[in-house]
Amino acid sequence: MDRLDLAASAAIAVLLAGVFVLAVDEPSAAPPDVPAGPSAPADDARCAAEVARARGVLEGGGLAAASEAAESLLRSCPRDGDVRLLLGDVSLQRDDLPGALAHYRLAVDLEPDLLDRRAPNFQGRKLRHVVEEALEELERRRTGSARETFADALKTARYLLRRIAGSCG
């Protein structure tokens, strides 16, 4: 082996050590308020049934009951994107645009299939419509709202539009 081979071997060893350190140091890519780890299939089925039940209550006009059901679902199924989608719908019914956009963003981050046209739970059209309306409403409210809340909500709405535009939907 000549010096060039030794230098290349040393560089590869350093890169592999760096990758190992980064892999060990980064336990999860989950959002900060969502615990890491997969859920069991039985939990997924139970969560889906509960979300469907809460969504029916929300569509029936029971905003308070749907909100309570969604909050309890959030405690029992924190990694389910459909729960976050439901919480976004509840926040939207309460006219809390920043809260709704934040929940929609977490839903899309937790469950990217929501924006995949081929997925059975595709929600891209609904989210695009809601986010575009929210963006227009935020532009109208720009002068009357707190600067930080407005800036965060606007940033989240634009992020969601980019994610929707980059998806299959």
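The values are calculated or read from the model by the stated rules, or taken from the named source; none is laboratory data. What you see is a predicted model, and the numbers here were worked out from it, not measured in a lab. In this analysis, Cβ positions are derived from the backbone assuming ideal geometry, glycine residues included, and neighbour counts consider all displayed protein chains.
Whenever a residue of the stretch 32-55 is under 16 Å from Leu74 (Cβ atoms), its partners that are modelled with pLDDT of 50 or more and among the β-branched types (Val, Ile, Thr), lying with C-beta atoms within less than 9 angstrom and at least six residues away or across chains, give the pairs Cys47/Val83; Glu50/Val83; Val51/Val83; Ala54/Val83; Ala54/Val90.
Within the stretch 72-101, residues that are assigned to a loop (DSSP other than H, G, I, E, B) reach partners that are charged (D, E, K, R) and surrounded by fewer than 19 Cβ atoms within 10 Å (Cβ to Cβ) with beta carbons closer than 7 Å, at six or more positions or on different chains, in the pairs Cys77/Asp43. Selection of the stretch 63-93 for residues being closer than 19 Å to Val130 by Cα and within 16 Å of the chain's Cα centre (by Cα) yields Gly81, Asp82, Val83, Arg84, Leu85, Leu86, Leu87, Gly88, Asp89, Val90, Ser91, Leu92. Taking the criterion of being small (Gly, Ala, Ser) and touching a residue at least 12 places away in the same chain (Cβ under 8 Å), the residues of the stretch 57-71 that qualify are Ala66, Ser67, Ala69, Ala70.
Just to verify a result, which residue in the stretch 55-85, among those that are aliphatic (A, V, I, L, M) and touching an Asp or Glu at 6+ places or on another chain (Cβ under 9 Å), is surrounded by the fewest Cβ atoms within 10 Å (Cβ to Cβ)? Talk me through it step by step, then tell me what you get.
Start the filter on the stretch 55-85 by keeping residues that are aliphatic (A, V, I, L, M), which leaves 57-58, 63-66, 69-70, 73-74, 83, 85.
Subsequent filtering for residues that are touching an Asp or Glu at 6+ places or on another chain (Cβ under 9 Å) retains 58, 66, 69-70, 73-74, 83, 85.
On the way: Leu58: 19, Ala66: 23, Ala69: 21, Ala70: 25, Leu73: 22, Leu74: 17, Val83: 29, Leu85: 25.
Selected residue: Leu74.
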